[in-house]
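To keep things clear, I will list the structure first and then write my remarks on it.
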Amino acid sequence: MIYPVTVFGDPVLRKHAEPITKDFEDLDGFIQNMFDTMYNSDGVGLAAPQVGQPIRVFVLDTTHEEDDEPAGIKKAFINPEILEKSGDEWVMNEGCLSLPEIREDVLRPETVKIKYVDEKFIEHIEEYSGFTSRVIQHEYDHLEGVMFVDYLNPLRKRILKNKLTAISKGKVIPKYKIKVPGK
Ligand code: NI
């Protein structure tokens, strides 16, 4: 099942998402739907608040990225906690399914060490770098109520203001279904 994607202006994107427990109903189904929604919109990552759920779950698939070194991963991260960010910051032009038609340069550190549980609630601690690390940091931000436009300088923010307002009013038509705030 493909969910509509929440966009800028939806309060769920500004919440601190809550951990889930083992009794979460049909977690496997929810995660499958998250992947389906992500692939349908050509995304490489998707966080639960982007489908209207203020819970600590995100999925990503970086296995199809060219030039991705080290190799990408396809994985669901449940109740993640970033333990450490390290390495030099580097710039990448980022996009976000909740910010259709906006792309901006964002600085993020190279490496991330993350603790999470998988679908069976088995705990893992792993370290990632490169593109996968970047996607992890971007999706993790969604669980903290942070979006990449928050990192822009005041001038860039001012330039984007009208575009952001248009998004929050549903005046953008991406190729995937969105949920317009308040509707
Ligand atoms: Ni995003």
Provide the per-residue ³J(HN,Hα) series for segment 97-106, in order, calculated from phi with Karplus coefficients 6.51, -1.76, 1.60 and θ = phi - 60°, each as a whole number of Hz, with x at glycine and proline positions.
-> 4, 8, 10, x, 6, 10, 9, 9, 6, 10
Lysine-lysine proximity count for segment 5-173, Cα under 25 Å, sequence distance 8 or more or distinct chains | 29
Across segment 80-94, in residue order, what do the Karplus-derived ³J(HN,Hα) couplings come to in whole Hz, using 6.51 cos²θ - 1.76 cosθ + 1.60 with θ = phi - 60° and x for Gly and Pro?
-> x, 9, 6, 8, 6, 10, 8, x, 5, 6, 9, 8, 9, 7, 9
Just the ratio, please: alpha-carbon radius of gyration of the chain over 2.2 N^0.38 Å, N its number of residues.
-> 0.99
Identify which of T37, T62, T165 has the largest mean-square fluctuation in a Gaussian network model of the chain, with springs joining Cα atoms closer than 10 Å.
-> T165
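Would you mind working out the magnitude of the charge dipole of segment 75-157 relative to its Cα centre, with +1 at each Lys and Arg C-beta and -1 at each Asp and Glu C-beta, to the nearest 20 Debye?
Its charge dipole is roughly 120 debye.
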Among G130, L99, T111, whose Cα lies farthest out toward the positive end of the dipole of segment 34-183, if unit charges sit on the beta carbon of Lys, Arg (+1) and Asp, Glu (-1)?
-> L99
Work out the charge dipole of the chain with +1 on the Cβ of Lys and Arg and -1 on the Cβ of Asp and Glu about the Cα centre, then indicate which of T37, L60, T165 is farthest towards its positive end.
-> T165
In segment 58-140, which trypsin sites (Lys or Arg not before Pro) fall in coil by DSSP and have 13 or fewer other Cβ atoms within 10 Å?
-> R103, K120
Most mobile of I114, I125, I136 in a GNM of the chain (Cα contacts under 10 Å) = I125
Can you tell me how much longer the chain between A166 and N153 gets when fully stretched, taken as 0.36 nm per residue apart minus their C-alpha distance, in nm with one decimal?
-> 2.7 nm
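Can you give the charge dipole size of the chain about its Cα centre, rounded to the nearest 20 debye, using +1 on the beta carbon of Lys and Arg and -1 on the beta carbon of Asp and Glu?
Computed about the Cα centre, the dipole is about 1280 debye.
All of the numbers you see were taken from the coordinates with simple rules; none came from a lab. Because the structure is a prediction, the values reported are computed rather than measured. Methodologically, a virtual Cβ is constructed for each residue, glycine included, from the backbone with ideal geometry; neighbour enumeration extends over all protein chains shown.
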